[in-house]
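Have a look at the structure below before the remarks.
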Amino acid sequence: MTTTRSLASAALLAVLASLPAVRAQDVPPDQLVKTVTLEVVELIAKDKEIQSGNRAKLVQLIDAKVLPHFNFSAMTALALGQSWNRATPEQKKRLTEEFRTLLVRTYASALAAYSEQKFDFRPLRAKPTDTDVTVQVRVLQAGAQPVPIDYSMEKTSSGWKVYDVMVGGVSLVANYRTEFNNVVRESGIDGLIKNLSTKNRSLEAPAAPAAKK
Amino acid sequence: MSSRLAWMALLAALAGCASTAERDARDPFEPLNRSVYRFNDKVDQVIAQPVARTYQRVVPGEVRDRVRNFFGNIGDFFIGVNNFLQGKFEDGVSDWARVAFNTTVGLFGIHDVATDMGYEKHNEDFGQTLGRWGAGTGPYLVLPFLGSSDLRDGIGTGADIYTDPLGEVRPYHLQYGLWALRFTQLRADLLDASRILEEASLDKYVFQRDAYLQRRRSLVYDGHPPREKDLDDKGADDDNDKKPR
């Protein structure tokens, strides 16, 4: 009896000992994108509530599964360009929070539009020593050109983090730059914060069920 | 004659707008573009979107796939021509192989059998060919009904429409019917995208303009545009840990 128990705990220890080998920071970026993408798509496919348009639940799912792999302050800094350096730490914090909310919502909309397209995960073209890579995925759809999605990722102490997403050659971060700078020029950084938060509130309020086909 | 007058009036209007204050260098005609944008948006809300929604609701997805493939096949012929004009002969041959297989085996293009055979669909047009040959975009333009464009792509679109095989279809009412079906299908395919644009942007006009310019630039370089310098100024003080481990 004692032997079986000690055997079992020995086995458990062995398993635990092998766990640190798969810490987040060791997962290669292309593997990370693939795992997370497939996991999220599968979770959505299984979830009746999300499929019938429960946006809050979808946002929750993104919060839990996708967000940990994004570096939002880097994204916000990139989207603001020059203005970022003039912002106070408090402003930076608020900007990052609001931008993050907006991006999550946009991402949820994009995911809600997903309907069983296939993915083609491209092999990573990078040296093992690289700390800044582009992971390429293509979304395949019948009768149309595949849509390339490129994740710009950077190696950090807590694993690889996405700092930009390019869809069909359009960089999300770069696309916000003119918009943000226009607002900053007219009403300052606080104006931008206010603008973003108003936008986020307005998207929360109506909660109109997405017009699904 | 009267069309030349119309063009001159348009140019005068454009020039008149160009003189006002601080503006995006890529979009010198912004005030005029914005009015055309508002007009297009109205047309979209009142006609195009409702029709596309109804189409999407009433017509089964399977049938919509056939319609998309049918028009896609018609487009592939000139996509091939543009690839040849850009010196990409392998791609051009592949496009024409698509037309050959999809028109025959795929029953006049309603089935995209070529993709399964490994001939991938491309995205080319005369605007991209001009860009490939070194033509700059010129000023950004919003065309009535057609939407986002620029001087180069506007000329390209003119050539695209002029050479479009649909223009040969007679009788005319059949031709107009086909154009209408094609635009409806296209609009239906963009319903999700336009909703996302609506949600994601602070200023829809600016967001769409910048996305258009980025997208076209990427297409001209077939998805591999040279990196723009200002994209590299990141990391001013983000929370990254860049120390080598």
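The values are calculated or read from the model by the stated rules, or taken from the named source; none is laboratory data. Remember, predicted model here, so these are calculated numbers, not experimental data. Every residue, glycine as well, gets a Cβ built from its backbone with ideal geometry; the counts of neighbours run over all protein chains shown.
Collect the residues in region A:128-168 that are basic (Lys, Arg) and under 21 Å from residue B:189 (Cβ atoms), keeping them in residue-number order.
A:138
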Open item on the list: For the condition surrounded by 15 or more Cβ atoms within 10 Å (Cβ to Cβ) and outside any loop (DSSP other than H, G, I, E, B), what is the one hit in A:197, A:187?
Closed with: A:197
Task: helices (runs of 4 or more DSSP H) wholly inside region A:38-138 that include at least 1 residues being among the aromatic types (Phe, Trp, Tyr) - done: A:72-80, A:82-86, A:89-112
Task: Single condition residue B:212 does not satisfy, out of (1) aromatic (Phe, Trp, Tyr); (2) under 20 Å from residue B:140 (Cα atoms); (3) surrounded by fewer than 17 Cβ atoms within 10 Å (Cβ to Cβ); (4) in contact (Cβ under 8 Å) with a residue 12 or more places away in the chain - done: (3)
- [ ] Could you tell me which residue of region A:51-79 is nearest to residue A:184 (Cα to Cα), considering only residues that are in contact (Cβ under 8 Å) with a residue 40 or more places away in the chain and either at the interface with chain B (Cβ under 9 Å from one of its Cβ atoms) or in contact with a His (Cβ under 7 Å, 6 or more places away or on another chain) (or both)?
- [x] A:78
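Table: residues versus (1) crowded, with 19+ Cβ neighbours inside 10 Å; (2) modelled with pLDDT of 95 or more; (3) within 10 Å of chain A (Cβ to nearest Cβ).
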{"site": "B:50", "(1), (2), (3)": "no, yes, no"}
{"site": "B:54", "(1), (2), (3)": "no, yes, no"}
{"site": "B:117", "(1), (2), (3)": "no, no, no"}
{"site": "B:126", "(1), (2), (3)": "yes, yes, no"}
Task: Residues of region A:130-163 classified as within 8 Å of chain B (Cβ to nearest Cβ), closer than 18 Å to residue B:211 by Cβ and at pLDDT 90 or above, total - done: 1
TODO: Give the residue, chosen from A:178, A:198, that is more than 20 Å from the chain's Cα centre (by Cα) and more than 8 Å from chain B (Cβ to nearest Cβ).
DONE: A:198
- [ ] Collect the residues in region A:85-111 that are at pLDDT 95 or above and at the interface with chain B (Cβ under 9 Å from one of its Cβ atoms), keeping them in residue-number order.
- [x] A:92
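So that you can scan it fast, the table gives a plain yes or no per residue for (1) closer than 13 Å to residue B:185 by Cβ; (2) assigned to a helix (DSSP H, G or I); (3) in contact (Cβ under 8 Å) with a residue 12 or more places away in the chain:
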{"site": "B:47", "(1), (2), (3)": "no, yes, no"}
{"site": "B:50", "(1), (2), (3)": "no, yes, no"}
{"site": "B:65", "(1), (2), (3)": "yes, yes, no"}
{"site": "B:70", "(1), (2), (3)": "yes, yes, yes"}
{"site": "B:92", "(1), (2), (3)": "no, yes, yes"}
